[in-house]
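> The structure's right below; bear with me while I get my questions together.
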Amino acid sequence: MAGPSVGPEKHAIDADTERLRWSLIATLSPRRQVLLRELFVDSPRPYAEVARNTGIPAGGIGPTRARALTQLRRRLDERGLTCRT
């Protein structure tokens, strides 16, 4: 999120981007949604904790995350939005 010195336009754009991100995440399977919510929070959690919270083995978190992010990129592309890496 933008800092306090950023203008209102930037705050509005950031808020809109955040809404779009979570609306796209909501289109994923429940398993992928939960994983991304666990991984992409303000305070990142260790994989062991994410594994406990999601029921995904620690060794499956990386591959599942990669598939979920690939799916999100495709959905952005379908909407004509670019995904910067």
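> Within the stretch 15-41, whose backbone N sits under 20 Å from a point 7 Å along Cα→Cβ of Ala58?
Backbone N within reach: 35-41.
> How large is the Kirkwood hydrodynamic radius of the chain, in angstrom, based on all distinct alpha carbon pairs? Spell out each step's value before the answer.
Numbers: mean 1/r = 0.0703 Å⁻¹.
Result for the chain, one decimal place: 14.2 Å.
> Here is a follow-up. Between Ala66 and Ala12, what's the calculated FRET efficiency when r is the beta-carbon distance and R0 is 35 Å? Round to 0.05. Don't skip to the end; give the middle numbers.
Working: r = 31 Å, r/R0 = 0.90.
The computed FRET efficiency comes out at 0.65.
> Counting only protein heavy atoms, what percent of the accessible surface of the chain is carbon or sulfur at a 1.4 Å probe? The partial results should precede the final answer.
Details: 3240 of 5880 Å².
That fraction is 55 percent.
> Another one. With every protein chain kept in place and ligands, DNA and RNA left out, what is the accessible area per residue of the chain? Probe 1.4 Å, answer in Å².
Spelled out: the 1.4 Å probe surface of the chain, per residue, equals 69 Å².
> Modelled label-to-label distance, Leu76 and Leu20, 7 Å Cα→beta-carbon offset: nm?
Taking the two extended label points, one gets 0.9 nm.
> Hey, what angle do you get for helix 8-25 against the long axis of the chain, alpha-carbon based, 0 to 90 degrees rounded to 10?
Once rounded, the angle reads 30 degrees.
> What do you get for the angle between helix 58-78 and the principal long axis of the chain? Use alpha-carbon atoms, 0 to 90 degrees, nearest ten.
Helix 58-78 sits roughly 40 degrees off the main axis of the chain.
> Leaving ligands, DNA and RNA out of it, work out the accessible area of Arg65 with a 1.4 Å probe and give it in Å² to the nearest 10.
Rounded to the nearest 10, that gives 80 Å².
The values are calculated or read from the model by the stated rules, or taken from the named source; none is laboratory data. Not measured: the values here are computed from a predicted model. Don't worry about glycine lacking a Cβ; one is built from the backbone with ideal geometry, like all the others, and counts go over all protein chains shown. The accessibility values were calculated without ligands, DNA or RNA, using every heavy atom of the protein model including side chains. Shrake-Rupley method; radii C 1.70, N 1.55, O 1.52, S 1.80 Å.
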